1. Where nothing but the Cβ of Lys and Arg (+1) and of Asp and Glu (-1) is charged, how large is the charge dipole of the range 6-136 around its Cα centre, in debye to the nearest 20?
2. For the range 6-136, build the charge dipole from Cβ charges (+1 Lys, Arg; -1 Asp, Glu) around the Cα centre, then report which of Gly68, Gln106, Phe21 sits farthest towards its positive end.
3. If the chain between Leu95 and Ile22 were fully stretched, how many nm would it gain, using 0.36 nm times the residue separation less the Cα-Cα distance?
4. Subtract the Cα-Cα distance of Ile69 and Gln37 from 0.36 nm times their separation in residues, and report this length gain in nm to one decimal.
5. If exposed GluC sites (Glu not before Pro) are those in a DSSP loop with at most 12 other Cβ within 10 Å, what is the longest stretch of the chain that has none?
6. Restricting things to alpha carbons, find the Rg to Rh ratio for the chain using the Kirkwood radius for Rh.
7. Expressed in nm to one decimal, what extension gain is obtained for the pair Arg49 and Ser113 from 0.36 nm per residue of sequence separation less their Cα-Cα distance?
8. Enumerate the residues in the range 111-132 having an amide nitrogen under 19 Å from the point lying 7 Å beyond the Cα of Lys60 toward its Cβ.
Amino acid sequence: MSAQSGKDMLLKLDETGAGAFITVAGMRSRALAFNAQAIDVTDAESAGRWRELLAGGGVKTAAVNGSGIFKDQASDARIREVFFGGVLRNWQIILPDFGIIEGGFQITALSFSADHAGEVTFEIALESAGEITFEAA
């Protein structure tokens, strides 16, 4: 895979829950992280007292963080509505030439900032709230 432009990663919201995804913001920086909690099953008979882990065990999570500017007033209002309602929604993270990550997420942080001579920007954090799927490009 060759190098890619960072602007090509998209964050989309299923605004109604019916599978109709919309791009909600111009993200200037963004990050996607996957984690899997390890379950230690080491005991007195573990070879050389090396730690042993339970295969396939533990909790898996995905987190998305980003900042940017809202696409329009409607997108801003929709994100605030989802956040203040504590609503779980399906989101898509589009990574060109890699694939699409999709699943339920909750907005866990939302902040706004502005410079006197600049635009209003936001920062958002999403945490997975269910199974995440991956469709290769």
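Read-outs: derived from the displayed coordinates by stated rules, not from any lab. All figures in this text were calculated on a predicted structure; none of them were measured in a lab. Cβ placement follows ideal geometry from the backbone for every residue including glycine, while neighbour counts extend to all protein chains displayed.
1. Once rounded to the nearest 20, the dipole reads 180 debye.
2. About the Cα centre, the residue reaching furthest to the positive side is Gly68.
3. 24.7 nm
4. 8.2 nm
5. Segment 46-118 is the longest.
6. My calculation of the ratio gives 1.10.
7. Result: 17.9 nm gained on full extension.
8. Label zone hits: 126-132.
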